[in-house]
Amino acid sequence: MSNQNPSEAQKTDSMSERASRDTLALNPLVAFRGKDLLDSAGTFFKGMINEPLVAADEWLSFIGELTGIASGKSERAPQSGDKRFGDPAWKTSPLHSGLLKAYLAWGEALDDFVGKTSLSDADKERAHLFTTILVDALAPTNSLLANPAAAKRLIDSGGQSLLSGLKNYLEDLVKSGGMPSQVDMSAFKVGENLANTPGAVVFRNDVIELIQYAPMTPKVWRRPLVMAPPQINKFYAMDLSPDKSIVRFMLESGIQTFCVSWRNPTAANRDWGLDTYVAALDEAVDAVREIAGVDEVSMLGTCSGGITSAAYLATLGLAKIKNLALFVCLLDTGGADESAFGSLITPETMRAAKEASRLRGVLDGQDLARMFAWMRPNDLIWNYWVNNYLLGNAPPAFDILYWNADTTRLPARLHGDFIDLYFTNPFVKAGKLTLNGQTVDMGRARGKVDAYVVAGLTDHITPWKAVFKTARILGDNATFVLSNSGHLQSLLNPPTNKKASYMIGPASAADPDAFQSRAEKRQGSWWLDWRDWLAGRSGDEIEAPKSAGDERHPVLMPAPGSYVVER
């Protein structure tokens, strides 16, 4: 990227930031197949065949719109904030302006057609999914000759951009089946410029490594924090670069911090289920209690790690967890269909996904990421198509995107257990799930732990209104925070983020809209509030430990450990 001029580098940074907002920190409750996308296409064409008059009416309307465009009477323009059409030529060139307006008119005609059919609401959602993917794929910006920036680069570089783009494409064809690379993987190394907060592995079993981080203050709060990240991603989202590391922020705040690093399972581990992970987490918590000399710990669970933490709290951990924080975590699976993937979440697709992982032994995060990318194609596919292939640039070097590409696998039984939650909803309906001989009943935990729940206003993976139900499950006294960002960006929200804001209040409101109407609105990062909330619930200040571990739990190796680098 050193050969880019400042404006080009700025565009690349903008592309990275937009993509990171749509980065899919994968939620294993949502699972579907390529066949489901084909079925969405079939639904659309079924509407065309069954209702030709509606199709003909939209076609004639589109032809009329083209006439208006040709005569210069059309005022169509892309939506505000659509970065694809930022080049001045889309406004100043009659050819490009006409092409853009025709493209927008065509996309609107397809959308209007689906809306006017007599398809059921669910089928309309599936048809809209297909038309959105189709319209995005056929955008003129995705063509070398139609994209003015790409055409200019081709001429200015004497054809070098075309050669560089072809080289990038061939490399991606070999490495990722033709999916454009989102990140320069050579720019990062875990343990060096990522996940480099000092610490040590002080406990290991077949499923997890437990990292104890070195204190950064002379005194610390007595009650430690144990972090449980998602199983489908690696733990170091909690410890990216120092400027957006939750781990480092906690240490600088005097919180004794431990983090779980899940092992990357293979097909040989196909029988590891939710009970396996809960039992492994219990071993890690017991190790933390012994090392810190406490009876109770605070726990943080994010996304599917939050599901695991809640399951642990409701079974083996009820007497061991004093405070529970859940970030972008959906416990009430009745809200799963509110996500961007809701039209594809059906009993049939869920059962098929469960069977597919059972046959393979694992659910591969890379396969899931490819499918999810097609749900946000402009930000997760086509902007890289343009950058890497049409402009001939290298993919950006961006830490969040590196982490997103560094996926793991889920054992088949754990994946199946997560999917079963969709049908049983055990965190709402007590007695529907038993783990390690204990029945899940969140009523036993309600009021006995202090809870802090965070959601993202623009989160399309775990929609904030569904996450509000998580806070309600934990009781009226739970603190609910609504960050102004998306799924991952709502978490990586350090005090240096000048654009940050959030709403905060108790989860006592009857519904999400009532919460939003009366919540306190604050500027800045919610990290500061969470720091104060946690410090006030972490006991007395004590001298910081001089070394990691204890006699029963000696240092096994430096952080970030060995499990995080297993492929």
Q: May I ask for the net charge around Asp172, where only other residues with Cβ less than 14 Å from the Cβ of Asp172 are counted and Lys, Arg are +1 while Asp, Glu are -1?
A: +1
Q | Area of Arg446 that stays accessible when all protein chains are in place (1.4 Å probe, Å², to 10) | A | 110
Q. What translational D, rounded to a whole number of µm²/s, comes out for the stretch 259-399 from Stokes-Einstein when the hydrodynamic radius is the Kirkwood one over Cα pairs, at 4 °C and 1.567 mPa s?
A. 71
Q | Which of Leu95, Leu100 is most accessible, then next, and so on - probe 1.4 Å | A | Leu95, Leu100
**Q.** FRET efficiency, Ser517 to Asp476 (Cβ-Cβ, R0 30 Å, nearest 0.05)
**A.** 0.95
**Q.** Nearest-ten-degree value, helix 304-313 long axis tilted from longest Cα axis of the chain
**A.** 30
Q) With labels modelled as points extended 7 Å from the Cα through the Cβ direction, what inter-label distance (nm, one decimal) is found for Leu528 paired with Thr67? A) 6.1
Q: Of the options Met227, Thr434, Val555, report the single residue whose Cα projects farthest towards the positive end of the charge dipole of the chain (beta-carbon charges: Lys, Arg +1; Asp, Glu -1).
A: Val555
Q: Quantify, in whole percent, the carbon and sulfur part of the accessible surface of the chain (1.4 Å probe; protein heavy atoms only).
A: 53
Q. In whole Å, what is the distance between the alpha-carbon centres of the stretch 35-99 and the stretch 264-312?
A. 50
Q: Work out the charge dipole of the stretch 36-106 with +1 on the Cβ of Lys and Arg and -1 on the Cβ of Asp and Glu about the Cα centre, then indicate which of Ala105, Leu60, Trp90 is farthest towards its positive end.
A: Trp90
Q: Looking at the chain, send over the antiparallel percent of its DSSP beta bridges, to the nearest 5.
A: 55
Q: Mind pulling the angle between the C-alpha long axis of helix 52-70 and the longest principal axis of the chain? Nearest 10 degrees, somewhere in 0 to 90.
A: 70
Q | Integer Hz, Karplus 6.51/-1.76/1.60 couplings in order for the stretch 152-162, x for Gly and Pro | A | 5, 4, 4, 6, 5, 8, x, x, 5, 5, 5
Q.
Skipping prolines and chain starts, which residues have an amide H placed within reach, meaning under 5 Å, of the one on Val481, given they are 5 or more residues away or on another chain?
A. Val453, Val454, Ala455
Q) Pairing the Cα long axis of helix 121-137 with the longest principal axis of the chain, what angle in degrees results, from 0 to 90 and rounded to the nearest 10? A) 70
Q | Nonlocal amide H pairs with Ser562, under 5 Å, H built at 1.01 Å | A | none
Q: Would you please classify the overall shape of the stretch 496-567 from the alpha carbon gyration tensor, given that a ≥ b ≥ c denote the square roots of the eigenvalues, rounded means a/c under 1.5, and beyond that prolate means a/b larger than b/c while oblate covers the rest?
A: prolate
**Q.** Dipole magnitude of the chain, debye to nearest 20 (Cβ charges: Lys/Arg +1, Asp/Glu -1, about Cα centre)
**A.** 280
Q. Looking at Ala535, Leu324, Tyr389, which one has the Cα that reaches farthest to the positive end of the dipole of the chain (charges on Cβ: Lys, Arg +1; Asp, Glu -1)?
A. Ala535
Q.
Please compute the length gained on full extension between Arg222 and Lys152, using 0.36 nm multiplied by the number of residues separating them and subtracting their Cα-Cα distance.
A. 19.0 nm
Q. D for the chain, whole µm²/s, Stokes-Einstein with Kirkwood Rh over alpha-carbon pairs at 4 °C and 1.567 mPa s: what number?
A. 51
Q: Please report the orientation-averaged projected area of the stretch 175-304, defined via the convex hull of its C-alpha atoms, in nm².
A: 9.5
Q | Residue-level accessible surface for Ser93, protein heavy atoms, 1.4 Å, Å² | A | 30
Q) Counting other Cβ atoms within 10 Å of each Cβ, which GluC sites (Glu not before Pro) in the stretch 498-553 have at most 14 and sit in a DSSP loop? A) Glu551
Q | Integer Hz, Karplus 6.51/-1.76/1.60 couplings in order for the stretch 394-410, x for Gly and Pro | A | 6, x, x, 9, 9, 4, 4, 6, 4, 4, 4, 7, 8, 7, 10, 10, 10
Q. Got a number for the accessible area of Glu58? Probe 1.4 Å, square angstrom, nearest 10.
A. 10
Q: Mind checking the per residue accessible area of the chain for me, 1.4 Å probe, whole number of Å²?
A: 41
Q. How high is the relative contact order of the chain, in percent, counting Cα pairs under 8 Å that sit 6 or more residues apart?
A. 21
(Q) Suppose only helical runs count, i.e. DSSP H with n ≥ 4. What mean residue ellipticity at 222 nm does that imply for the chain under -39500 (n - 2.57) per run, divided by all residues and rounded to the nearest 500 deg cm²/dmol? (A) -12500 deg cm²/dmol
Q. Considering amide H positions built from the backbone, and no H for Pro or chain starts, which residues 5 or more places from Met227, or on another chain, come under 5 Å of its amide H?
A. Phe258, Cys259, Val260, Leu300
Q | Karplus 3J(HN,Hα) series, Hz, for the stretch 451-461 with 6.51 cos²θ - 1.76 cosθ + 1.60 (x for Gly, Pro) | A | 10, 9, 10, 10, 10, x, 4, 10, 6, 9, 8
Q.
For Met250, Met216, give me the order by solvent-accessible area with a 1.4 Å probe, most accessible first, ignoring ligands, DNA and RNA.
A. Met216, Met250
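The values are calculated or read from the model by the stated rules, or taken from the named source; none is laboratory data. None of these values were measured; they are calculated from a predicted model. Here Cβ is always computed from backbone atoms with ideal geometry, including for glycine, and neighbour counts include all displayed protein chains. These area figures cover heavy atoms from the full protein model, side chains too; ligands, DNA and RNA do not enter into them. Shrake-Rupley method; radii C 1.70, N 1.55, O 1.52, S 1.80 Å.
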